[in-house]
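Engineer: Below is a structure I'd like to ask you about.
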Amino acid sequence: MADVSHRPGDIRGHPDAPEMRERYSRMLQTRGVAAVEELVILAGIYAAVSAWTVHFAAAEPELAISNLIVGIALAGLGLCMSMAPDRSQDLNFVVLLLGAWLIVSPWIVAQDAGTGAILSNVITGACVCLFALTAGGLLMSKSRKSG
């Protein structure tokens, strides 16, 4: 009969230990990127519904539609990027552009936007830009360590 009892000891002698350690290290490095991308999802959802939560959808319908489209795009990109953080470096630039659009859209789409709409878009856009830059920085430092 085979002896399957647990013996105290370490795993250093296991033949697959270096490979398991390396795979676990890679997984931990991309986990921070995925957490930042999950924040992009939340910011996208807020951007999509912000016209109705800040109550400027009736006064500025063009800005409300712009926020809805950009918010859905951000949430979709954030979802895709959090599912495959290794391949999301190119999409961070798109997220950065969408964040910049959120910042300037009250003045471009709606020339006479209210204070609430301007503050909501500028703060949300700044957070999205910050998240994109943070994720890009984490991915670059990860590729620098592994390269």
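The values are calculated or read from the model by the stated rules, or taken from the named source; none is laboratory data. As the structure is a prediction and not an experimental result, all values here were calculated from the model. Don't worry about glycine lacking a Cβ; one is built from the backbone with ideal geometry, like all the others, and counts go over all protein chains shown. Calculation scope for accessible area: heavy atoms of the full protein, side chains included, ligands and nucleic acids excluded. Shrake-Rupley method; radii C 1.70, N 1.55, O 1.52, S 1.80 Å.
Engineer: Can you name every residue in the range 45-66 that is aromatic (F, W, Y) and either more than 17 Å from V104 (Cβ to Cβ) or without any contact (Cβ under 8 Å) to a residue 40 or more places away in the chain (or both)?
Structural biologist: Listed by number, the residues that qualify are Y46, W52.
To keep it simple, each residue is scored yes or no on (1) over 30 Å from I65 (Cβ atoms); (2) at pLDDT 75 or above; (3) in contact with a helix residue (DSSP H, G or I) (Cβ under 9 Å, 6 or more places away or on another chain).
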residue: A2; (1), (2), (3): yes, no, no
residue: S5; (1), (2), (3): yes, no, no
residue: H14; (1), (2), (3): yes, no, yes
residue: A17; (1), (2), (3): yes, no, no
residue: Y24; (1), (2), (3): yes, no, no
residue: Q29; (1), (2), (3): yes, no, yes
residue: V36; (1), (2), (3): no, yes, yes
residue: V40; (1), (2), (3): no, yes, yes
residue: Y46; (1), (2), (3): no, yes, yes
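Engineer: L79 versus (1) touching a Gly at 6+ places or on another chain (Cβ under 6 Å); (2) within 15 Å of V33 (Cα to Cα): which is the lone unmet condition?
Structural biologist: (1)
Engineer: Within the range 124-144, take every residue that is at pLDDT 85 or above and of a type in the set (S, T, Y) and give me the one that is least open to solvent (accessible area, probe 1.4 Å).
Structural biologist: In this case the residue turns out to be T124.
Engineer: Now for a separate question. Taking the options L102, L74, L98, name whichever one is touching a residue at least 40 places away in the same chain (Cβ under 8 Å) and closer than 19 Å to V33 by Cβ.
Structural biologist: Only one candidate passes the filter, namely L74.
Engineer: In addition: Going through A75, A64, A57, A84 one at a time, which residue ends up being crowded, with 17+ Cβ neighbours inside 10 Å and at pLDDT below 95?
Structural biologist: A57 is the lone residue from the list that is crowded, with 17+ Cβ neighbours inside 10 Å and at pLDDT below 95.
Engineer: Answer with yes or no whether V49 is more than 29 Å from E22 (Cβ to Cβ), open to solvent by 60 Å² or more (accessible area, probe 1.4 Å) and not aromatic (F, W, Y).
Structural biologist: For V49, the condition - more than 29 Å from E22 (Cβ to Cβ), open to solvent by 60 Å² or more (accessible area, probe 1.4 Å) and not aromatic (F, W, Y) - is met.
Engineer: Across the range 104-123, what is the number of residues that are in a helix (DSSP H, G or I) and open to solvent by 50 Å² or more (accessible area, probe 1.4 Å)?
Structural biologist: 6
Engineer: In the list F93, F131, which residue meets the criterion of being of a type in the set (F, W, Y), closer than 23 Å to V33 by Cα, in contact with a helix residue (DSSP H, G or I) (Cβ under 6 Å, 6 or more places away or on another chain) and assigned to a helix (DSSP H, G or I)?
Structural biologist: Going through F93, F131 in turn, just one is of a type in the set (F, W, Y), closer than 23 Å to V33 by Cα, in contact with a helix residue (DSSP H, G or I) (Cβ under 6 Å, 6 or more places away or on another chain) and assigned to a helix (DSSP H, G or I): F131.
Engineer: Which pairs turn up if I take residues in the range 114-129 that are closer than 15 Å to F56 by Cα and look for partners that are among the aromatic types (F, W, Y) and crowded, with 22+ Cβ neighbours inside 10 Å with beta carbon separation below 9 Å, at least 6 apart in sequence or on another chain?
Structural biologist: Pairs that qualify, where the first residue is closer than 15 Å to F56 by Cα and the partner is among the aromatic types (F, W, Y) and crowded, with 22+ Cβ neighbours inside 10 Å, are G114/F56; G116/F56; A117/F56; S120/F56.
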